[in-house]
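Please read the structure below before turning to the comments.
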Ligand code: ADP
């Protein structure tokens, strides 16, 4: 009987839309999902068998070089997820596979270390040094550690191995994660919590795609409630895996210790700041099904779970779930997609859910569970607007009289204050007083921010950094450059002069370079070693400061200026979250919100504490123009080497837009950041009715134009940034 070559198609983690065919050499088996090494041009590359092809090919195909045996095959659900996600975000499938292959070393056999342990046999010749070694060798130790512990040379240890008194044992360098214990709740749940927890347990038991919105103010006990859903998943299935997504790495520290308290073991942590060793271990353990609870940033969504039974997206409204570089995607949206493919439950938790999620809840697609009471706290902080039009701060000062008095009162009561200003550095703009020049990065349309602590001017978009020049680069005037407007460093200067003797610290991504320094600062604040903490949005999240009773929002209008679609929504969410930091324990808190626009709905309804009214107002605005959640949006961004080239190709691209019912295309227009890293940018905005497959529309459009390699196109489905 003639034997036909067996053909497999192999997807490579490259910007390629389709897998390539390879021949399987005789005797080699590689079912779909297998990790294989294949030749590609002059190189060898690792890819994943995507499908088996029964049909013999006439073409001469290259052969698969090797199957990476230690790596368990990528599960079918994971492959389905990669494919569907790629279609949705309009990106080559290979790019999404690359996100699932973040740890190359994880595919290899787990590395072992060799340790020594006493055999129980005594050597014929005994010396005091040998006695010391054997006394230390009751538990496995490396040769070096054993010699150190016994304070002898390594020769003594070696001789004992030869004499049979010590033996070598092997141990993996990537120890498995211990199984979590479903246990029992730490607190007696409140009636609200009990109802929500029971509803979630039920959803988990249904073993089907179910979405729940867990909605309750900060501190209402949402975490405690979703812990019960996790416990149920663990109880129901001894192999269940649970993924908990968090928006910020800074948050994982605080949350992981709560997991440990509740489930007896630390969860597996996954985020970009983790070292390659930690990533290798987590990836392999997830693939093997032994990492049962995974807590991570958005990229944890791309781990190869074997049996995902529950996903939790905490702070589901948070912007940082949107990845803006490389593959542009929203982790919350893809998490819902993943839950659908896995046929499992997903919980979206937030104190200020996104309008998209609220709309899904309103239409009955998501189960809406509300927690109203706040365990341990009598009430939410009182929120008061300080109208700066009536009582402005002095010139070149940013704290108005009302906030100033409140800070004094707080200090007098030996309590803590938090001042929120979402601007890093000293001044967001540097201006020449002689010629009016505003300093920009050389290749990017964005103002440079003055940083006094480091003495630099920094572009926050690209990271471009320069020393502050002595003379204006435009007119040459000396000493004419002045920082305009406040950043947290300048606010700290004002606070130091106003509140003498107060212990003041600044928390921004510039002042806490590492997770450790962040933790230290948080501990100083918790321990009462700081009186006034000044911070950017990192302070808004997750921290619990028992003696914090005053939150001052220095500039509530900042996020509303130059506003995009979500400016109001975002401002409302952020300010409510910041305000919620005040008064968590038994002390009542208050928030003072400085504004020049007290009548704007986001600010006015925040002060009124009326989230539902704000949501209704925003929904109405969006509905009127058919914007999300009542329609879909897509953005297309072209970037070219020169302005002329950008114009030329943008108009060619625009002319190629398909005609489709229910779809409107606006543009091209110069992007607000017209030049970024030397590339000239043009944008299109696409609005579509809800029933339109916008991803397919965008993919068709993109395929119609063959752009030269020097012109790049980025597609952003459901854009959050309009820059
Ligand atoms: P959220 O996730 O909504 O911000 P958490 O679950 O973190 O709320 O709860 C806020 C605080 O209240 C935590 O310190 C938590 O331990 C505590 N807590 C939650 N539920 C209860 C309860 N039923 N009884 C007592 N304390 C609780």
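General observations
- Cβ crowding within 10 Å averaged over residues, with 391-401, 645-655, 673-683 ranked highest first: 673-683, 645-655, 391-401
- Spin-label zone in segment 320-341 - amide nitrogen under 17 Å from a point set 7 Å from the Cα of residue 721 along the C-beta vector: 320-332
- Under 18 Å from the residue 80 label point (7 Å along Cα→beta-carbon), backbone N, segment 311-347: 311, 334-346
- For residue 513 and residue 127, the difference between the fully extended length at 0.36 nm per residue and the C-alpha to C-alpha distance is 133.8 nm.
- Remark: spin-label model distance residue 706-residue 474 equals 4.5 nm, labels positioned 7 Å along the Cα→Cβ axis.
- FRET efficiency for residue 258 and residue 394, using Cβ-Cβ distance with R0 set to 45 Å, rounded to 0.05: 0.55
- One chain, two ends: residue 142 and residue 412. Fully extended at 0.36 nm per residue, the span grows by 91.5 nm beyond their Cα-Cα distance.
- In terms of surrounding Cβ atoms within a 10 Å radius of their Cβ, 384, 132 rank from fewest to most as 384, 132.
- Tensor-based shape of the chain (alpha-carbon gyration tensor, a/c under 1.5 rounded, otherwise prolate or oblate): oblate
- Counting neighbouring beta carbons within 10 Å and listing from fewest to most, the residues 459, 432, 475 come out as 475, 432, 459.
- Euclidean distance of C-alpha centroids, segment 569-645 and segment 202-225, integer Å: 24
- Between residue 462 and residue 135, the FRET efficiency from the beta-carbon distance, with R0 = 60 Å, is close to 0.50.
- Förster radius 60 Å - calculated FRET efficiency between residue 109 and residue 630, Cβ distance, rounded to 0.05: 0.70
- The modelled label-to-label distance for the pair residue 435/residue 669, using points 7 Å beyond Cα in the direction of Cβ, is 3.1 nm.
- Model label sites at residue 181 and residue 205, defined 7 Å from Cα along the beta-carbon direction, differ in position by 2.4 nm.
- Helix-only arithmetic for the chain: the sum of -39500 (n - 2.57) across DSSP H runs with n ≥ 4, divided by the residue total, places the mean residue ellipticity at 222 nm at -9500 deg cm²/dmol.
- Averaging Cα coordinates gives a centre for segment 142-157 and one for segment 419-449; these two points are 59 Å apart.
- Sorted fewest first by neighbouring Cβ atoms within 10 angstrom, 446, 276, 350 come out as 276, 446, 350.
- Segment residue 596-residue 162, extension gain: residue separation times 0.36 nm, minus the distance between their alpha carbons: 148.1 nm
Each reported figure results from applying straightforward, stated rules to the coordinates on display, with no laboratory input. Quantities reported herein were computed from a predicted structural model and do not represent experimental measurements. Here Cβ is always computed from backbone atoms with ideal geometry, including for glycine, and neighbour counts include all displayed protein chains.
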